[in-house]
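**Q** Here it is, the structure, as structure tokens.
Readers should treat all values here as calculations from the given coordinates under stated rules, not as data from a laboratory. Just so it is clear, the structure is predicted and the values come from calculations on it, not from any experiment. Cβ coordinates were reconstructed from backbone atoms using ideal geometry, including for glycine residues, and neighbour counts include every protein chain displayed.
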Amino acid sequence: MTELVEHGHLFIGGEWTDPLGTDTIEIVSPHTEQVIGSVPHASRADVDRAVAVARRAFDEGPWPRMSLDERIAVVTRIKDAIAVRHEEIARSISSQNGSPYSWSVLAQALGPMMVYDAAIQVARAYPYEEHRQGVLGPILVRREPVGVVAAVIPWNVPQFVAAAKLAPALLTGSTVILKPSPESPLDSYILADIAREAGLPEGVLSILPADREVSEYLVGHPGVDKVAFTGSVAAGRRVMEVAARNLTRVTLELGGKSAAVILPDADLESTIAGIVPAAWMNNGQACVAQTRVLAPRSRYEEVAEALAAAAGALVVGDPLDPATQLGPLVARRQQQRSLDYIRIGHEEGAKVLAGGGRPAGLEQGWYVEPTLFGDVDNSMRIAREEIFGPVVCLIPYGDEAEAVRVANDSEFGLSGSVWTGDVEHGIDFARQVRTGTFNVNTFSLDMLGPFGGYKNSGVGREFGPEGLSEYLEHKMIHLPAGYAAGA
């Protein structure tokens, strides 16, 4: 039986502090449906307090005024401590959101370490000051930290997304209020311990678990300079609307309905081996999941048979069992959402090739079978709407031009892939698909390049120099005619 984890304090400005409200958040295991922990629910007054200390730390404190090397040293200690505690972090997250433990070790714990490492590499090489010859004379262009950052993260990959926002914010000298999801706040307490031990100065980081109402209050707070949000399209629209009242800068990493396109010359064995983990990763609870698989009609039956067999072979069970490949969904509402879409798929005329309901023998827990629909038309709701569960659509196409049209026929544009025997041809195909990231004969997310979406998949970028720039203000300083830098 999982030990109950209870926290009574909030982490505000680097100190464990009594909450100003009395509400609590209970965390429920998606496997046992039992309460496994509780934390204080941050109030609006707690937000005011966190913003005030972050504001003071940015305006008057040492953090933005330290050298880059000094900030890198602190962030490196955070990364190294995650390495030491990675198994604890992985178990904590899997117990809360149902991620298979083997996947959590890689994506929920070691993945954040890679994010911090890559951000440090980018920060070292970034041009914070640049002399240019302007039209009217010499100019100096500076990049300066944006200020107080509100980082709102989801429950599906909480530490990975936290690192994507914390790393560039901290390295550039900003202060941060991190708002974890109420479904998965326990791991944020591990992060708080790590940050405290790493030597972050007073006020630089606060962590406030809370619901949407308090999140909205944080996003609309006049003391916040930038909002970094990851979540659904509907929530992202609301974040942008609320932040716009103060003209607060916003980056949004939102949903996806990404297409994995199998070209006629693809090697089927390696293609299926690549698509399956990309489609059903994290129980289908991933914005970049390849949930539309496009197969040429000339090979459709062959692809359908192979993909259905692979889906049916996935091991479903306790997320803390190392053998599990697919765990439960994070909450009963998410389970019901997937089951509702499976019903909708039936009603729309799609054919279930694998799965299609609750797994046998797992009546307890919020489980849904890895499900594959065949004979899907791209106009169907199951092909157009983000399900955020283990439901994948197999869509036939005629020629390659149709494959491009179908891949692009979506309100989303976050990820995608193409599988082919000719990599150069795959690159040409990739150039035609309007998504922020794309893969040729692979599926990955590189932290040295820009990550983000076209269309409804988001605004702005994370990772790489492009992501670092999102946490910087650009200043132009006019210099007198004849001035030469270093003279």
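**Q** I need the P(r) histogram for the range 359-413: all alpha carbon pairs, bin width 5 Å from 0 out to the longest distance, whole percents.
**A** 4, 16, 22, 21, 14, 9, 6, 5, 2, 0
**Q** To continue, here is another question. Taking the Cβ of R405 as the center, what net charge do the other residues with Cβ under 12 Å away carry, scoring Lys and Arg +1 and Asp and Glu -1?
**A** So the surrounding residues net to -3.
**Q** Among residues other than E385 whose Cβ falls under 12 Å from its Cβ, what is the net charge (Lys/Arg +1, Asp/Glu -1)?
**A** That works out to +1.
**Q** Based on the Cβ-Cβ distance of Q121 and R56, what FRET efficiency does E = 1/(1 + (r/R0)^6) give at R0 = 25 Å, to the nearest 0.05?
**A** Working from the Cβ atoms, E equals 0.20.
**Q** So who's got an amide H within less than 5 Å of the one on T24, skipping anything under 5 residues away but keeping other chains? H placed 1.01 Å off N, in plane.
**A** Amide H neighbours of T24, under 5 Å, 5+ apart: H41.
**Q** Only counting other Cβ atoms within 10 Å, I'd like K79, K351 sorted with the fewest neighbours first.
**A** Taking fewest neighbouring Cβ atoms as first place, the list is K351, K79.
**Q** Take each of the peptides 230-238, 200-208, average the number of other beta-carbon atoms within 10 Å over its residues, and list them starting from the highest.
**A** Per-residue Cβ counts within 10 Å, averaged per peptide and sorted highest first, yield 200-208, 230-238.
**Q** A further question follows. Considering the options P328, A304, N378, tell which one lies farthest towards the positive end of the dipole of the chain, charges being +1 on Lys and Arg and -1 on Asp and Glu at the Cβ, about the Cα centre.
**A** So the residue furthest toward the plus end is N378.
**Q** Classify the chain as rounded, prolate or oblate, taking a ≥ b ≥ c as the square roots of the eigenvalues of its Cα gyration tensor: rounded when a/c is under 1.5, otherwise prolate if a/b is larger than b/c and oblate if not.
**A** oblate
**Q** Sorted by mean Cβ packing within 10 Å, highest first, what order do the peptides 257-270, 386-399 take?
**A** Put in order of decreasing packing, that is 386-399, 257-270.
**Q** Residue farthest toward the positive end of the dipole of the chain, with Cβ of Lys/Arg at +1 and Asp/Glu at -1: which of H221, G134, G458?
**A** Toward the positive end, the furthest listed residue is G134.
**Q** Straight distance only, please: which lysines reach the Cα of K351 with their own Cα at less than 26 Å, same-chain residues fewer than 8 apart left out?
**A** Of all the lysines, those that pass the test against K351 - Cα under 26 Å, at least 8 places apart if same chain - are K257.
**Q** Which residues' amide hydrogens lie under 5 Å from the amide hydrogen of N439, considering only partners 5 or more residues apart or on another chain, with H built in the peptide plane?
**A** For N439, the qualifying residues are G416, S417, V418.
**Q** So what J values fall out for the range 266-273 if you push phi through Karplus, 6.51 cos²θ - 1.76 cosθ + 1.60 with θ = phi - 60°, rounded to Hz, Gly and Pro as x?
**A** Result, rounded to whole Hz: 5, 6, 5, 4, 6, 5, 5, 4.
**Q** Let me ask something else. Taking neighbour Cβ counts within 10 Å as the exposure measure, how do K475, K179 sort from fewest upward?
**A** If I rank by nearby Cβ atoms, fewest first, I get K475, K179.
**Q** Considering only DSSP beta bridges where both residues belong to the range 259-440, give the percentage that are antiparallel (nearest 5).
**A** So the antiparallel bridges amount to about 15 percent of the total.
**Q** List, in order, the whole-Hz ³J(HN,Hα) value for each residue of the range 107-116 obtained from phi through the Karplus relation with A = 6.51, B = -1.76, C = 1.60 and θ = phi - 60°; use x for Gly and Pro.
**A** My calculation for the range 107-116 gives 8, 8, 10, 6, x, x, 4, 5, 4, 4 Hz in order.
**Q** In whole angstrom, note down how far apart the Cα centers of the range 24-58 and the range 125-174 are.
**A** One Cα centre to the other: 26 Å.
**Q** Quick query: amide H of L353 versus all other amide H atoms, modeled in the peptide plane; which residues come in under 5 Å with a sequence gap of 5 or more or a different chain?
**A** L372, F373, G374
**Q** Of K226/K475; K165/K475; K79/K475, which sit over 20 Å apart, Cα to Cα?
**A** K165/K475; K79/K475
**Q** How do the peptides 217-224, 477-484 rank, highest first, by the average count of neighbouring beta carbon atoms within 10 Å per residue?
**A** 217-224, 477-484
**Q** On to the next question. Roughly how many nanometres apart are two label points built 7 Å out from the Cα toward the Cβ at E87 and D422?
**A** 5.0 nm
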